[in-house]
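Peer 1: To start, I am sharing the structure in question, which I have written as structure tokens.
The values are calculated or read from the model by the stated rules, or taken from the named source; none is laboratory data. The structure displayed is predicted, hence computed values, not measured ones. Cβ sites come from the backbone with ideal geometry, for glycine too, and all protein chains shown count toward neighbours. Keep in mind that these areas ignore ligands, DNA and RNA; they rest on the heavy atoms of the full protein, side chains included. Shrake-Rupley method; radii C 1.70, N 1.55, O 1.52, S 1.80 Å.
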Amino acid sequence: MQQKVLPGLDETKLAPDRFVDVALPLPLMQAMTYRVPAGWPDVPRGSRVEAPFGKRRVMGVVVGAGTKPKDGVSVKNLTAVFDDEPLVTERLLELALWVADYYIGPIGQATRLVAPPGGVRASKRVVRLKAPASPASLVAAASDPVLQALRDGGGQMSVAALAARLDQDITARLLKLDQMGLIEFEVELATTDFQRVQVATAQAGLETAQLKGRALEVANRLKESGGAVAVRDLVGEVASRRQALKALEKKGLVAIGLEVAERRPDASSQRALRPTPIEERILTPEQSEADTKVAVALGESKFVPILLEGVTGSGKTEIYLRAVQKALELGKTALLLVPEIGLTSTLVRASRERFGDAVSVLHSDMAEGVRHDEWWRARRGEARVVVGARSAVFAPLPNLGLIVVDEEHDSAYKQEDAPRYHGRDVAVYRARLEKAVILLGSATPSMESRLNAIKERYAWVRLRNRVGPMGLARVHIIDRKKQKVPTAILTPPLVEAIAERLSRREQTVLLLNRRGYATSLVCRECGASAQCPHCSVAFVLHRRGEQAQCHYCGLIRITPTRCAMCRGDYLRLQGYGTQRVSEVLLASFPEAVVDRIDRDIAARRGAVEGVLRKFEKHETDILVGTQMIAKGHDFPKVTLVGVIDADVGLGLPDFRSAERTFALLTQVAGRAGRADLPGEVLLQTHNPKHYAIEFAQNQDYDAFFDREMEFRRTMGYPPHDAMVNVLFRGKVEDEVAKNARNIARRLKVTLHEGVLGPSPSPLSKVRDEFRYQVVVRGKRGAIRESVHAALIAEFGPLRFPGVAVDVDPLSLM
């Protein structure tokens, strides 16, 4: 990235000192004040600047004018400005500052969300090898593991990468090697920039030039490419073509220069389906009424939140796309959010079918360079529609008129790291800032959104019927306790139903919201399970039980053969995950093609889309998966949905467990019978009388909402009361517990009631860090302000070390 370092002038002829506040991408709760050097023009809000912080150089975002420091307080100068005009728009900057304030998060990590990918970051210390200067240092260099790692890494590495490779603290060793003159340090500030490639362009005279051999071949290839083409595409790996091209350049017949090469997402994930003009799509009466209400709201050019509550298969996507069409006709832009990266390809294809290359894609599974260029397409106004997952809520669309949040109830919209924002709620606030319409769509709305609709804070549009002749799928409950083998993965009724679909060349979806092969490895002698040494959880077994993984810290080991507690060697696998289900299916139905979608599959870029494409083409008979397959997909040949363990989430210590279970079962049931074939759903469960399962069988959201709200009111849980969870983490348990006790004591003084804890978190240790929590319930404004004040009183205003604040938590795990 090209930076502008502006020269200083004679300070005696200039105006008084000017100061700016800069949000740095560091865990700081406040912006830092810097001086604008003499001779520099004003640096407005939203500009990216380089500033010193300790021994590092950091790129941050200016958030406002700074105040002159008190006498004796030293203030450092900015060292560079990166933008000719503010990169972050005023509304996006205001949105970022609201996120930092509302979610009590570091300000720089919030402003980072509204900058281009890779465009705001801290510098890193890089270690480089130096030639040994003496015989003694030459001997040391031959055997030192740090120097060997540097040699293996090409002669230079960041300090963090070097420490990770050696898996040890190397601070003292680096200091020693530096003193011996064997290494040197440098500070680098790397950013993601546009990719530039060599482009050959035909010049006057090329058409009439007398050429032969390779020169004629290159000239013809250049003409066939329209007179301009990337050099790498023109000459390939053929050296004689490259030599011929250089000769043409010397003659002035071809010009070679650097041009920006735009990186785009994989074309296969964006291909459009067969276009169908919008006027040919016939709406149901319910859809037509919803479409009219949304169109009227868009025409008013003001903030209008709308809950679009529609049963699965009721045609919500068609309402979304017509709303986008209307927004574009009004000269505005549109943002479409989905909860899972795996769902973006479905909505991208539908959007490209309607709006062509005006659609841009933004999500974290894309390569950073591609995401960077897609971000700039939106910033420049070239892309008028952005489709993406949670972080796309910060897409820099100008003149935003419409935001769609599909599956608005989904917990994937909640960010797990600071700032712990909720994508849906940020979208609502952004729509308010932009005076835009926001459509919140779901078959099973969150309790919060349904309550907002009831209280008329949101407009409420309902689609009660499916599009098409079949209606909702029939749902049957299989009580495992009544089966001959209650622990069988597939009960006889489910086996029979799958076989029937295979015989009719129809497809089946099987849900188990638990990945891996087995849930634990248990000692038969003492009953202990194989535990992760770094976390307070059991290993999950993968790869047919041969590999033990921790799903929290990522540790992977060969499955133990002896118990760590009693050294016994009688170990057995317990429970099952999606990998085991797939294995059982292949054994039971050897003629079937079985595929799987879960987080293990999603870890490979593009793998989920590949599996979905095969299933869409009916190259797969049975698709097994976690919650990733439960929503947003439309497969006409799916007539059977089986839920392996419908009550898998009900035993968790989580006040939202019934809501999550009901939503998941209702959503996955909606995958069956979406076209001209009737659908059937089989729910295997040990707990058939639980109200979440009973209401899911009838797909009765109204009854579930009433029952669940009664529980929430009685217990004082959201949305009846607001909640903040303050999580404390650290290596030394006594210090963590002490910090939690101190904050709890301060909160109990100011709030008097609604403070629970401190107590160990349900997950009491993760990555060798002990975890305690203090949960606060009450009025939203009062508890947020009290938590913030207590943290400042305990730690000061700049940093809250070892503390993570979760405002409006979706889970207390």
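Peer 1: Looking at (1) part of a loop (DSSP other than H, G, I, E, B); (2) open to solvent by 10 Å² or more (accessible area, probe 1.4 Å); (3) in contact with a Leu (Cβ under 9 Å, 6 or more places away or on another chain), can you tell me which one Ala383 breaks?
Peer 2: Answer for Ala383: the failing condition is (2).
Peer 1: If we only count strands (runs of 3 or more DSSP E) wholly inside region 28-73, which ones have 2 or more residues that are touching a Cys at 6+ places or on another chain (Cβ under 8 Å)?
Peer 2: Those strands (runs of 3 or more DSSP E) do not exist here; none qualify.
Peer 1: Okay, moving on. Which one of Arg767, Arg784 is crowded, with 21+ Cβ neighbours inside 10 Å and over 17 Å from Arg656 (Cβ atoms)?
Peer 2: Arg784
Peer 1: When you check Arg420 against the structure, is it more than 13 Å from the chain's Cα centre (by Cα) and either within 20 Å of Leu93 (Cα to Cα) or open to solvent by 10 Å² or more (accessible area, probe 1.4 Å) (or both), yes or no?
Peer 2: no
Peer 1: Okay, moving on. Read through the list (1) at pLDDT 80 or above; (2) open to solvent by less than 70 Å² (accessible area, probe 1.4 Å); (3) part of a loop (DSSP other than H, G, I, E, B), then give the number of the only condition that Val199 fails.
Peer 2: Here Val199 clears every test but (3).
Peer 1: State whether the residues of region 634-652 include one that is in a helix (DSSP H, G or I), farther than 24 Å from Phe539 by Cα and among the hydrophobic types (A, V, I, L, M, F, W, C).
Peer 2: No: zero hits.
Peer 1: So Arg450 ticks every box in (1) within 30 Å of Glu408 (Cβ to Cβ); (2) open to solvent by 20 Å² or more (accessible area, probe 1.4 Å); (3) in contact with a Phe, Trp or Tyr (Cβ under 9 Å, 6 or more places away or on another chain); (4) of a type outside the set (Gly, Ala, Ser) but one. Which box is left unticked?
Peer 2: Only one criterion is unmet by Arg450, namely (2).
Peer 1: Could you grab me the full set of residues in region 413-449 that are part of a loop (DSSP other than H, G, I, E, B), among the polar types (S, T, N, Q) and within 23 Å of Phe705 (Cα to Cα)?
Peer 2: Thr444, Ser446
Peer 1: Residues Glu680, Glu694: which one is closer than 24 Å to Gln507 by Cα and among the acidic types (Asp, Glu)?
Peer 2: The match here is Glu680.
Peer 1: Is it fair to say Gly39 is touching a strand residue (DSSP E or B) at 6+ places or on another chain (Cβ under 7 Å) and open to solvent by less than 80 Å² (accessible area, probe 1.4 Å)?
Peer 2: So Gly39 does not fit the description; no.
Peer 1: What are the residues in region 214-250 that are polar (S, T, N, Q) and assigned to a helix (DSSP H, G or I), if any?
Peer 2: Of everything in region 214-250, those that are polar (S, T, N, Q) and assigned to a helix (DSSP H, G or I) turn out to be Asn220, Ser240, Gln243.
Peer 1: I've got another one for you. If the Cβ limit is 6 Å and pairs must be 6+ apart or interchain, which residue in region 208-219 that is modelled with pLDDT of 85 or more pairs with which residue that is among the hydroxyl-bearing types (Ser, Thr, Tyr)?
Peer 2: As it stands, the answer is Arg214/Ser240, since those pairs meet every condition given.
Peer 1: Filter region 512-540 down to residues that are in contact with a helix residue (DSSP H, G or I) (Cβ under 9 Å, 6 or more places away or on another chain) and of a type outside the set (Ser, Thr, Tyr) and give me whichever is modelled with the highest pLDDT.
Peer 2: Leu512
Peer 1: Now for a different question. For region 697-713, which positions are surrounded by fewer than 18 Cβ atoms within 10 Å (Cβ to Cβ) and part of a helix (DSSP H, G or I)?
Peer 2: Correct list: Asn698, Asp702, Ala703, Asp706, Arg707, Met709, Glu710, Phe711, Arg713.
Peer 1: Report the residue count in region 658-683 for those that are open to solvent by less than 20 Å² (accessible area, probe 1.4 Å) and either among the basic types (Lys, Arg) or assigned to a helix (DSSP H, G or I) (or both).
Peer 2: 10
Peer 1: Keeping to region 360-380, report how many residues are under 18 Å from the mean Cα position of the chain (by Cα) and either among the aliphatic types (A, V, I, L, M) or assigned to a strand (DSSP E or B) (or both).
Peer 2: Count: 6.
Peer 1: Related question: Quick one: Glu188 ticks every box in (1) open to solvent by 40 Å² or more (accessible area, probe 1.4 Å); (2) at pLDDT 75 or above bar one, so which box is it?
Peer 2: (2)
Peer 1: OK, next. So Arg466 fits all but one of (1) over 35 Å from the mean Cα position of the chain (by Cα); (2) open to solvent by 10 Å² or more (accessible area, probe 1.4 Å); what number is the exception?
Peer 2: Going through (1) over 35 Å from the mean Cα position of the chain (by Cα); (2) open to solvent by 10 Å² or more (accessible area, probe 1.4 Å) one by one, Arg466 breaks only (1).
Peer 1: Scanning for something under 18 Å from Phe394 (Cβ atoms), at pLDDT below 95 and open to solvent by 20 Å² or more (accessible area, probe 1.4 Å), does region 64-72 turn up at least one residue?
Peer 2: Checked region 64-72: no residue is under 18 Å from Phe394 (Cβ atoms), at pLDDT below 95 and open to solvent by 20 Å² or more (accessible area, probe 1.4 Å).
Peer 1: Looking only at region 319-328, decide whether some residue is out of contact with any Lys or Arg (no Cβ under 6 Å at 6 or more places or on another chain), over 30 Å from Asn220 (Cβ atoms), hydroxyl-bearing (Ser, Thr, Tyr) and modelled with pLDDT under 85.
Peer 2: No, there is no match, as no residue in region 319-328 is out of contact with any Lys or Arg (no Cβ under 6 Å at 6 or more places or on another chain), over 30 Å from Asn220 (Cβ atoms), hydroxyl-bearing (Ser, Thr, Tyr) and modelled with pLDDT under 85.
Peer 1: How many residues does region 239-270 hold that are modelled with pLDDT of 80 or more and among the β-branched types (Val, Ile, Thr)?
Peer 2: So the answer is 2.
Peer 1: Yes or no: Pro396 in contact with a helix residue (DSSP H, G or I) (Cβ under 8 Å, 6 or more places away or on another chain) and under 30 Å from Arg799 (Cβ atoms)?
Peer 2: In short, yes.
Peer 1: Could you tell me which numbered condition Leu472 fails, if it satisfies all but one of (1) under 30 Å from Thr292 (Cα atoms); (2) surrounded by fewer than 17 Cβ atoms within 10 Å (Cβ to Cβ)?
Peer 2: Looking at each condition in turn, Leu472 falls short on (2).
Peer 1: Considering region 497-508 alone, what residues qualify as being open to solvent by 20 Å² or more (accessible area, probe 1.4 Å) and either closer than 20 Å to Leu763 by Cα or of a type in the set (Lys, Arg) (or both)?
Peer 2: Arg504, Arg505
Peer 1: Given the options Ala327, Ala334, Ala323, name the one that is in a helix (DSSP H, G or I), under 11 Å from Val385 (Cα atoms) and open to solvent by less than 10 Å² (accessible area, probe 1.4 Å).
Peer 2: Ala327
Peer 1: Right, another one. Of all residues in region 77-99, how many are in a helix (DSSP H, G or I) and either free of Cβ contacts under 8 Å to residues at least 24 places away in the same chain or open to solvent by less than 10 Å² (accessible area, probe 1.4 Å) (or both)?
Peer 2: 5
Peer 1: Identify the residue in region 615-625 that is part of a loop (DSSP other than H, G, I, E, B) and open to solvent by 10 Å² or more (accessible area, probe 1.4 Å) and, among all such residues, is nearest to Ala497 (Cα to Cα).
Peer 2: Looking at the filtered set, the residue picked out is Asp621.
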